[in-house]
C-alpha cells in the first residue's frame, strides 16, 4: 500500500469510524504483517511511532520520508508535529502564519 493510501486509511479510521489510537495501531500492524500486502515499512513504522506518541500518522511518515530524502529540517504549521519530531532527535521548525495580503 502506498503511504498516501495509508494516511487516508488512518484518517478515515480516526475521523469517520472514531477508532482510538490503540485500535488504529493494531490495524496497521495487522496490515503490515499480511503476506499479500507490501508497503514502505520503515516509513509506516515512523508514522505508527508518531501516532502512538499522540501525533498524526501522516506527520510521522512525512518526517521520515523527508529525512530519507536528505532533508535536514522538518517544517510544519503544526506545533504538535514539530514537538514530536524534535523529541525523536531530529531538527524541526514551526512555521508562523502570515497575515493575508503580506508578502515576504
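No value in this document is a laboratory result; all are computed from the given coordinates. Just so we're clear, the structure is a prediction, and the values are computed from it rather than from any experiment. Ideal geometry is used to build each Cβ from the backbone, glycine not excepted, and the neighbour counts take in all protein chains shown.
What do you get for the angle between helix 21-33 and the principal long axis of the chain? Use alpha-carbon atoms, 0 to 90 degrees, nearest ten.
Orientation of helix 21-33: about 60 degrees from the principal axis.
Once all Cα-Cα distances of the chain are split into 10 Å bins that start at 0, what whole-number percent is in each one?
Per 10 Å bin, starting at 0, the Cα pair percentages come out as 15, 43, 30, 10, 2, 0.
On a 0 to 90° scale, report how tilted helix 57-68 is relative to the longest principal axis of the chain, with both axes built from alpha carbons and the result rounded to the nearest 10.
Around 70 degrees separate the two axes.
What relative contact order, as a whole-number percentage, does region 3-70 give when Cα pairs under 8 Å and 6 or more residues apart are counted?
Averaging sequence separation for qualifying contacts and normalising by length gives 28 percent for region 3-70.
Most exposed first by the Cβ proxy, i.e. fewest other Cβ within 10 Å, how do 4, 39 rank?
In increasing order of surrounding Cβ atoms, one gets 4, 39.
With a point put 7 Å past each Cα toward its Cβ, work out how far residue 31 is from residue 15 in nm, to one decimal.
It works out to 1.5 nm between the two label points.
To the nearest 10 degrees, how steeply does helix 41-52 sit against the main Cα axis of the chain, on a 0 to 90 scale?
70 degrees
Rank by packing, highest mean first: peptides 84-95, 11-22, with packing defined as the count of other Cβ atoms within 10 Å averaged across residues.
Most protected by this proxy first, the peptides run 84-95, 11-22.
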